[in-house]
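Worksheet: one structure, shown below.
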Amino acid sequence: EEYENELKILLVPKDPNDEKNVIIEVRGGAGGDEAALFAGDLFRMYSRYAERRGWKTSLMSSNETGVGGYKEVSFMIKGKGAYSRLKYESGVHRVQRIPTTAVLPEVEDVEIEVNPEDVRVDVFRSSGNGGQSVNTTDSAVRLTHIPTGEVVSCQDEKSQLKNKEKAMKILKARLYDKALAEQQKGIAAERKSQVGTGDRSERIRTYNFPQGRVSDHRINLTLYKLDSFIDGDLDEMIDALITVDQTEKMSSI
């Protein structure tokens, strides 16, 4: 029976993105400063998880608030299999207010082509908290993909070229994600995992600080170790998500 289960796991179709780096976008929802602070907590949580696994985190774009949080922050986690471990994190993470996360595989140029004529490039001076200028040159970059209306801004680097490169990576990842979502709409329901990679409008997890627990609503798992979880100790939860995902996929073989 053990060998049979191992064989079934090997027969489960492999996600072609599993071995890739991952881009994570965290956006604070309604709730102002409180939501922005929790968005910052999630950024640090994923950064600590990456550190625990020997992966590297690279900040790509951020919109900080004066209270030390983020209205929005995008970052790349570089490491073999990063996407395979973190692809289940897409969706609404609830504390008292709601930040939403989007998890995207890093996209190579060969996978999705963006016509330069479809992208409007605007440059402007980087600004810090309160809107004050923090740079004397127009190094910040805003890319607008005209066909879809997708907008990406990046001002974290002092170099306009580097900001443009980072913004383009995020733009390509978003466009790839949209194309993939459209493709997946055509997949028969019986071939979909109940866990999947998460509907971004779906509340996937609740972080209850007074009771020190974190609950994943997709697999009905509650862990009473919120402090260590927020510090990046995510493996127990991620392993459970992967197990349920593989079980669902094996049942269709």
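At a glance:
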{"item": "For region 52-61, 3J(HN,Hα) per residue [Karplus equation, 6.51 cos²θ - 1.76 cosθ + 1.60, θ = phi - 60°, Hz, x = Gly/Pro]", "result": "4, 9, x, 9, 10, 10, 10, 5, 10, 7"}
{"item": "Amide H within-cut-off set for GLU150, under 5 Å, with H built and near neighbours excluded", "result": "HIS145"}
{"item": "Sites MET250 and GLU150 - FRET efficiency at Förster radius 41 Å, r taken between beta-carbons, to 0.05", "result": "0.65"}
{"item": "With all protein chains modelled, accessible area of ILE112 [1.4 Å, Å²]", "result": "30 Å²"}
{"item": "Nonlocal amide H pairs with ASP231, under 5 Å, H built at 1.01 Å", "result": "none"}
{"item": "Computed accessible area, THR243, all protein chains, 1.4 angstrom probe, square angstrom", "result": "80 Å²"}
{"item": "5 angstrom amide H check on SER126, placed H, neighbours 5+ away", "result": "VAL134, ASN135, SER139, ALA140"}
{"item": "Over 25 Å between alpha carbons, listed pairs LYS78/LYS178; LYS78/LYS249; LYS14/LYS162", "result": "LYS78/LYS249; LYS14/LYS162"}
{"item": "Sequence of ARG94, ARG85 when ordered by accessible area, the most exposed leading, probe 1.4 angstrom", "result": "ARG94, ARG85"}
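The values are calculated or read from the model by the stated rules, or taken from the named source; none is laboratory data. Nothing here was measured: the structure is a model prediction, and the numbers come from that model. In this analysis, Cβ positions are derived from the backbone assuming ideal geometry, glycine residues included, and neighbour counts consider all displayed protein chains. Heavy atoms of the whole protein, side chains included, go into the accessibility calculation; ligands, DNA and RNA do not. Shrake-Rupley method; radii C 1.70, N 1.55, O 1.52, S 1.80 Å.
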